[in-house]
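Everything below concerns the one structure shown next.
The values are calculated or read from the model by the stated rules, or taken from the named source; none is laboratory data. This is a predicted model, so every value here is computed, not measured. So basically every Cβ, Gly included, is an ideal-geometry build from the backbone, and we count neighbours across all protein chains shown.
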Amino acid sequence: MFECVPNFSEGRDESVISEIIAAVKTARVLNVHSDPDHNRSVVTMAGSADGIRQAAYDLTACAIELLDVKGHSGVHPFIGVMDVIPFIPLKGSTMEQAVGIAHKLGEELWKKLKLPVYFYGEAAKIAERRDLPYVRKGGYQILKQEIDDKHRRPDIGEGLHHTAGAAAVGARIFLIAYNVNLKTSDVDIAQSISKNIREKNGGLPGVRALGMYLESRGLAQVSINITDHNETSILKVYDQVVVWAREYGVEILESEIVGLVPAGTLSEEIAKHIKLKYFSDRLIIENNL
């Protein structure tokens, strides 16, 4: 069994989102999280090696048919309509197998759909591309300008798809996507908190963060990825956000989990402490398998 968490660039049109998700026939869809400000949908699905690879391909083919990256807008960074496709080994599977699935899918996406692919995480073929933000640096608009530069050429394919851009396909361990919404519309505060907590600026190990303004809700958000929950827990991240929020004189409105999290990382008690917008045992991936 493998988990796959494709992120595609549509979070507003429910009919389009439903049509893209309906393309999945060979894996089980466990969770869908769509956000209008990010304008992005995160799908969590699980299946066998062949089934999960085919499901990722079918999802991508449908997204390419229905979406156009040239007209896309949203606060979340992106390089294509099917922006990111990570594979995660579940119990009984190995990272080496997940890497193999990622590489095979990448070849299929270029051969059959002419979608150029960057490999990241454990599937990276260039050391710097292990880090997804490096692959996605500057987003689609900058990539479009630099696509012919040696350091920005895709691992498979060439140029950019005229409507779909490019895709980042990878293999990794569990990642927790976690957002904290602030009781302020001042995005500068969210950006400052993000800078203070992320690893690359001397903050928490395995934490990436961005500050964003959510227009539909009129508030600022600290959008966080925890790349190693064994090193830094959700609780620790939340408490650190609280420390900096107090420093800037703002309160926490709520927090939210994007997708699913592994067992042992979240409980009802933790959910209350971090002001989680919604909690259910179904947020634990193992409870859905």
When segment 261-289 is checked residue by residue, the ones that are outside any loop (DSSP other than H, G, I, E, B) and closer than 22 Å to Glu251 by Cβ are Glu269, Ile270, Ala271, Lys272, His273, Leu276
Inter-residue pairs, beta-carbon under 8 Å, first in contact (Cβ under 8 Å) with a residue 12 or more places away in the chain and in segment 274-287, second in a helix (DSSP H, G or I) and hydrophobic (A, V, I, L, M, F, W, C), 6+ apart: Ile274/Ile234; Ile274/Leu235; Leu276/Ile270; Phe279/Ala271
Just to verify a result, which residue in segment 9-67, among those that are within 18 Å of the chain's Cα centre (by Cα) and either acidic (Asp, Glu) or not assigned by TED's automatic domain parsing to the domain that holds Met82 (or both), is surrounded by the fewest Cβ atoms within 10 Å (Cβ to Cβ)? Asp37
Out of everything in segment 162-171 that is part of a loop (DSSP other than H, G, I, E, B) and not β-branched (Val, Ile, Thr), what residue ends up being surrounded by the fewest Cβ atoms within 10 Å (Cβ to Cβ)? His162
Kindly evaluate Gln145 against the criterion of being more than 20 Å from Ile284 (Cα to Cα), at pLDDT 95 or above, not assigned by TED's automatic domain parsing to the domain that holds Asn31 and not hydrophobic (A, V, I, L, M, F, W, C). no
Counting just the residues of segment 236-260 that are in a helix (DSSP H, G or I) and not hydrophobic (A, V, I, L, M, F, W, C), which one comes out surrounded by the most Cβ atoms within 10 Å (Cβ to Cβ)? Tyr238
Mind checking whether some residue in segment 14-34 is touching a residue at least 60 places away in the same chain (Cβ under 8 Å) and either assigned to a helix (DSSP H, G or I) or in contact with an Asp or Glu (Cβ under 6 Å, 6 or more places away or on another chain) (or both)? no
Under 8 Å between Cβ atoms, at least 6 apart or on separate chains: pull out the pairs that start in segment 209-221 with a residue that is surrounded by fewer than 20 Cβ atoms within 10 Å (Cβ to Cβ) and end on any residue that is of a type in the set (A, V, I, L, M, F, W, C). Leu210/Val222; Tyr213/Val75; Tyr213/Val187; Tyr213/Ala190; Tyr213/Leu219; Tyr213/Ala220
Filter segment 124-155 down to the residues that are among the β-branched types (Val, Ile, Thr) and crowded, with 19+ Cβ neighbours inside 10 Å and list them by number. Val135
Testing Lys200 on (1) free of Cβ contacts under 8 Å to residues at least 40 places away in the same chain; (2) closer than 26 Å to Leu283 by Cα; (3) assigned to a helix (DSSP H, G or I), one condition comes back false. Which one is that? (2)
